[in-house]
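Below you'll find the structure, written out as structure tokens, and then a few comments.
Please treat every number below as a calculation from the coordinates, not as lab data. Just so you know, these numbers come straight off a predicted model, no measurement behind them. Glycine gets a Cβ as well: all are built from the backbone with ideal geometry, and neighbour counts include every protein chain shown.
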Amino acid sequence: MENWNPLSLTPEIVTIVLVTIIIFTFFLIYFLKLKKVPVNQAPKGFVLIVQIYIQWVRLLVIDIMGKRSEKLTPFFIFLLSYLLCCNLIGILGFDYPTGSLTVTLSLGLVMFIGTFVIGFRYQKWSYLTRFCINYKNKKTGKHYPIMVNPLNVIEIIAPLISISFRLWGNIFAGGIIITLWYFMFGWLTSYIPVIGVLSLISGLSAPPIHGYFDIFVGCVQALVFTMLTMVYWNLAKEHGNHRVNDENIVDEKQLNSNIINK
């Protein structure tokens, strides 16, 4: 901590800025090309590919969260695009931003805060009753919170930790495996005078490893993080339909009998 400088530029910060510039440039080119497409003409080439991507994310949002959540499509397009760029930029020799736990926890915090925003959006302050043991009045049919349920509090915090560590663990582990792979061939070739054969093996074996850990795992983890965010937000929206878990409801007679017995 003595040498820690919060204003120093780390490789991850530089890569994050680069990823932001790449995404901005990508969609700026799309916007400029889209303006040149006539209204009565079907798009093609670069514009068509981007529109297929946008439409695919839009249908994914509708399938998971419903038609009313279609307006969240731009956010999920940026989230998925950002994660894809962060996970794939390592192929160019840059550090993975998602290989830093700070970045993944920040993304998980966005999901965590968004869960509460959507919960309050659909249920207002009654959303907090899902974290409590509730008393049900049979005459009015209303639920009244009695005390905080620790299990439900853990339930809402657990996704923040799991979704962040899942993304960070996969990307960080993939980077370590690729680095160890190169170091292994470097160590082997240091003991052999003729290194042409081993260098050839290293060059031929590296592309499949990069293809799996950088491209395949990177794309899968970006999609998993995005879809889990949709699922968690949809669950918060469903809780907003004025429903309370049956496990958290205390019947009026049961409550009165417990008070009398005590």
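Okay, here's what the table says:
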{"quantity": "FRET efficiency, 1/(1 + (r/R0)^6) with R0 41 Å, evaluated for Trp181 and Gln55 via beta carbons", "calculated": "0.60"}
{"quantity": "Extension gain, Thr25 back to Leu9 (0.36 nm per residue minus Cα-Cα distance, nm)", "calculated": "3.5 nm"}
{"quantity": "Whole-Hz couplings from phi, Karplus 6.51/-1.76/1.60, listed for region 74-81; x for Gly and Pro", "calculated": "x, 5, 6, 5, 5, 4, 5, 5"}
{"quantity": "For peptides 106-112, 47-53, sequence by mean Cβ density within 10 Å, most packed first", "calculated": "106-112, 47-53"}
{"quantity": "Per-residue HN-Hα couplings for region 29-42 [Karplus 6.51, -1.76, 1.60; θ = phi - 60°; Hz; x = Gly/Pro]", "calculated": "4, 4, 5, 5, 5, 5, 5, 8, 7, x, 5, 8, 10, 6"}
